[in-house]
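Contents: one structure, followed by commentary.
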Amino acid sequence: MSTLIDAGRVAEHNAKLQANLQADYDALAGVLARRGQDIEKLTAAAQRFAVALPSWGVGTGGTRFARFPGKGEPRNVFEKMEDCGVIHQLTRATPSVSLHFPWDKTTDPSALRQQAEGYGLGFDAVNSNTFQDQQGQEHSYKYGSLTSQDAATRAQAVAHNIECIELGKALGSKGLTVWVGDGANFPGQHNLRGALERYLDSARGIYAALPDDWQMYIEHKLFEPAFYATTIADWGTSFACAQQLGPKAKCLVDLGHHAPNTNIEMIVARLAQFGKLGGFHFNDSKYGDDDLDSGSINPFQLFLVFNELADAEQRDGAGFNPAYMLDQSHNVTDPIESLMNSAAEVQRAAVQAALVDRAALKQYQESNDALQSAQALKQAYRTDVSAILAMARLRSGGAIDPVACYRASGYREKAAEARPAKAGASSSGIV
Ligand code: PSV
Ligand code: MN
Ligand code: MN
């Protein structure tokens, strides 16, 4: 595997921190052993953990007010892959990239595939985009795409999704994520049932083009850009559509796409119970679809989501395999640093959930011991598993402290030289 940061630098970084890490790891091993837990099993599980990177996350996101690009932002999909390569090199937790079309469209998918393989990266689900008009596009999505009143516009949106499947096939992807912003801004603007009927009709056209070993992830979102009634606004609608479409259609839960205080972990439990939990877009938020770094606002919620995932895995076995992806927008941080931290925060929640004593929890639940049930979760959540995460990275060839190692490498400064900013760069790192 070719590395973007000199392997000697990473080794030097690790050598400085390794003795302290070992001491922390040994201390934690002792704490866990007293609870009957084997740290080695947890570290091995942490090493297996993987979350996909959003190609659009390596550029500064921006808001509808402004975008403040950083130095050395990637200008095309190949440069985005370089940044993803660095993230994976140092974290060893992000072995695939989720592309977004047409932002990441290339005329040379085999070159892209080869480049990715060189960094040890593969391709996760591809994302379609019918929430913007592209230059030269025949029919506008101003009033909707898959739900448009106009048959030609709907056909164009379906054709774009089918093209995404074709592009994904060339890259080795196995899934298509469909998020549409379609909806109404005013009461009465849409016949609410009619819009969903048109959505389903269009979605059937996409589903029919899915290869047998692919999944179609239906991503719901409460509001924005539609401010009154979004067609696929909630998990209920997403679930109903996935049921209607067939077994390859599943629901995708983006943590930022719910009303404040929604019990997202319960949505996860419901979707898992009925075999329709397709995957996640991890991020965090305080107010709406803030797209903040995973675990930065409500790490307990993230833990509770993984607690449900651990329960589902125990019940359903290896067949339970939802796709994990990050979906964040970085405005005030270096996107590479945010994505490295976020991957580790999601991994942290997975390891903490694995610490829950499920047998004890079951007993507390069966005896209606609410207090001890809650404590069983809290004990796992309060355990600082940082040493497990760092040891997993070290053993997998990554960096003990990815952000420190990245900063010391001068990668961003070199990228700034190699990638001079272009005027008029737009959001999502797209130029
Ligand atoms: C929409 O808010 C979303 O979460 C969808 O996943 C999009 O594909 C992504 O953000 C990028 O705009
Ligand atoms: Mn999303
Ligand atoms: Mn979103």
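Read the figures in this text as sums done on the coordinates, not as results from a lab. Since the model is a prediction, treat every value here as computed from it, not as a measurement. Cβ placement follows ideal geometry from the backbone for every residue including glycine, while neighbour counts extend to all protein chains displayed.
Some notes on this structure:
- Sequentially through segment 186-193, phi angles give Karplus couplings (6.51, -1.76, 1.60; θ = phi - 60°) of 9, x, x, 4, 10, 7, 4, 6 Hz, Gly and Pro residues having no value and appearing as x.
- The HN-Hα couplings worked out from phi for segment 149-160 by the Karplus form 6.51 cos²θ - 1.76 cosθ + 1.60 (θ = phi - 60°) are 5, 9, 4, 5, 5, 4, 4, 5, 5, 5, 4, 4 Hz, whole numbers, x standing for Gly and Pro.
- Projected-area mean, the chain, by convex hull of Cα positions, square nanometres: 21.2
- Neighbours of Ala157 by Cβ distance under 12 Å: Lys/Arg scored +1, Asp/Glu scored -1, total -4.
- Checking the cross-link pairs Lys80/Lys105; Lys174/Lys276; Lys174/Lys248; Lys16/Lys414 against a 22 Å limit on the alpha carbon distance flags Lys16/Lys414 as lying beyond it.
- Whole-Hz couplings from phi, Karplus 6.51/-1.76/1.60, listed for segment 204-221; x for Gly and Pro: 4, x, 6, 4, 4, 8, 6, x, 4, 9, 9, 10, 10, 9, 9, 9, 9, 7
- Each helix, a run of at least 4 DSSP H residues, gives -39500 (n - 2.57); summed and divided by the residues of the chain, these come to -15500 deg cm²/dmol at 222 nm.
- Net charge in the neighbourhood of Glu138 (other residues with Cβ under 15 Å of its Cβ; Lys, Arg +1, Asp, Glu -1) is -1.
- Here segment 213-275 and segment 1-49 have alpha carbon centers that stand 36 Å from each other.
- Count Lys and Arg as plus one, Asp and Glu as minus one, and take only other residues whose Cβ is under 13 Å from that of Leu245; the net charge is then +3.
- Spin-label model distance (nm) - Phe186 vs Phe300, 7 Å beyond Cα toward Cβ: 4.4
- Averaging the sequence gap over all C-alpha pairs within less than 8 Å and six or more residues apart, then dividing by the number of residues, gives the chain a relative contact order of 23 percent.
- Ranked for footprinting exposure by Cβ neighbours inside 10 Å, fewest first, Arg270, Arg92 give Arg270, Arg92.
- Aspartates and glutamates whose Cα lies under 12 Å from that of Lys250, excluding same-chain neighbours fewer than 8 positions away: Glu219
- Rounded, prolate or oblate (a/c below 1.5 giving rounded, otherwise prolate when a/b exceeds b/c) for segment 158-265 by Cα gyration tensor: prolate
- Kirkwood-type radius of segment 52-155, with distances r between different C-alpha atoms, in Å: 15.4
- Whichever aspartates and glutamates have a C-alpha closer than 15 Å to that of Lys362, once near sequence neighbours (fewer than 8 apart) are set aside: Glu308, Asp311
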